[in-house]
Amino acid sequence: MNSIPDPMTTALPLLFEPDDTLEMLADMLSRALAGHSGGHWREELWPLLAELGLLAAVMPERHGGYGGARTAALVCRLLAEAGVVSPFAISSAAIAPSLADLDQTTGPVTALLEALVEGRQVATIALHEADALPVVQEFQTVLSGAGEGQWRLDGPKRMIAFAQEADWLVLPARNEAGELVIIMLDQASVAPALRPCTLIDAMPAADASFSGLVIDENAIVAVGEQAENLLRRIVDRLTAAHCAEAVGAMNFMIKATAEYLGVRRQFGQPLSTHQALRHRYVDMTIEQAKAETMVALAAVAVDQKSPEQTNRALARARYVIVRAAWFVSQESIQMHGAIGMANETPVSGYFKRLLALSLWLGDEDDALEGLIA
């Protein structure tokens, strides 16, 4: 039996290839975020990202983009390090380029892509259902016929990030034949079914219960194999984006810990003079370095054409990064002491963000299953 090439060896030559354009983008975005006031993402951040061309840069090259998932990972990392909670990972890094991958795009999808790239509209996706675990195959949401050219949607969705703020909702479901169907609904269609909530990391979200929602046929974007490929691409890109966000959050916690150990004094000396704490800090940086390497692997894997290699590479990356996120966040909180848990302390917010990112698409055990399957 032929073995599957190990993505760690097949992709590694590309991981550390220097790219002056990406470095320029990183510098440009870092400077812009340094002057960002931290206001609402829709009013301040989104026009900024559009002006810098970053909403377009993450698209495939044939759509005017540059760098693919590597560019998306770069933006996600810097946004997360700056403490920005926005739909960039979902809308721009995952949904927009995946819709662009469709072999044939209808008029509405083409118009939506233009709106997403220009920053006029935002999309989100409903992956979680009744038990709040991410679903990528056995969806309970059902699409059934409701007359000529119309369909009826029934089923639950949970934890839809930015559901009330997004202009469009990508909704996976199953039709009466058991095939996967990808539906796109505008905000006006889904608003009555939404029940708003706020997630642990302060991300706005909503649960939804669809009961007899009638939709037009043009809301169906893909069916069957095409829908499965589209959903896989969205989930793959979202996984890589979340990995990059986790590394960004870890970067902040490590810097904050170093600063705290340097200024907090005990018995007349800074905490940074204690050898045990210095060793623990070094362990944090080692875990962060591993995670950063795996983000590069995940980005390269997403742009590859082999689903099997991509799945294994993303599972490997997610496993390493989830474990690193747990280690770095817990060590940072412990070395900050009781003040680390206070809501007024930035590290507590980043701790919650890492917790959410570690569980959004399944925990480390779920990632491990993807490696041994």
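The values are calculated or read from the model by the stated rules, or taken from the named source; none is laboratory data. Only a predicted model underlies this, so the values are computations on that prediction, with no experimental measurement involved. For neighbour counting, all protein chains shown are included, and Cβ atoms are generated from backbone atoms with ideal geometry for every residue, glycine included. Surface areas here come from the heavy atoms of the whole protein model, side chains and all, with no ligands, DNA or RNA. Shrake-Rupley method; radii C 1.70, N 1.55, O 1.52, S 1.80 Å.
Points to keep in mind about this one:
- Total lysine pairs under 30 Å (Cα atoms) in the chain, excluding pairs fewer than 8 apart on one chain: 5
- Normalised by 2.2 N^0.38 Å, where N is the number of residues, the C-alpha radius of gyration of the chain stands at 1.01.
- Length gained on full extension, residue 40 to residue 197: 54.8 nm, using 0.36 nm per residue less the C-alpha separation.
- Cα gyration tensor shape of the range 59-127, rounded if a/c is under 1.5, else prolate or oblate by comparing a/b with b/c: prolate
- The label point for residue 218 and the one for residue 188, both projected 7 Å from the Cα toward the Cβ, are 1.3 nm apart.
- Projecting the Cα atoms of 22, 279, 41 onto the dipole axis of the chain, where Lys and Arg carry +1 and Asp and Glu carry -1 at the beta carbon, places 279 farthest toward the positive end.
- Per residue accessible area of the range 223-366, 1.4 Å probe, in Å²: 44
- Of the solvent-accessible surface of the chain, computed with a 1.4 Å probe over protein heavy atoms with every protein chain present, carbon and sulfur atoms account for 52 percent.
- Label-point separation, residue 130 to residue 369 (7 Å along Cα→Cβ), nm: 1.7
- Positive-end ranking of 253, 310, 75 along the dipole of the chain, with charges on Cβ about the Cα centre, is headed by 253.
- Comparing 188, 164, 147 along the charge dipole axis of the range 118-223, the residue lying farthest to the positive side is 164, per the Cβ-charge model.
- Only Lys, Arg, Asp and Glu carry charge here, each on its Cβ (+1 for the first two, -1 for the last two); on that basis the range 275-330 has a dipole of about 120 debye about its Cα centre.
- Cα-based Rg of the range 39-153 normalised by 2.2 N^0.38 Å, two decimals: 1.22
- The mean sequence separation of alpha-carbon pairs under 8 Å and at least six residues apart, normalised by the residue count of the range 25-96, gives a relative contact order of 29 percent.
- With a simple spin-label model that places each label point 7 Å from the Cα along the Cα-to-Cβ direction, the separation between residue 103 and residue 274 comes to 6.2 nm.
- Note on residue 225 and residue 52: the extension gain reaches 58.7 nm, defined as 0.36 nm multiplied by sequence separation minus the Cα-Cα distance.
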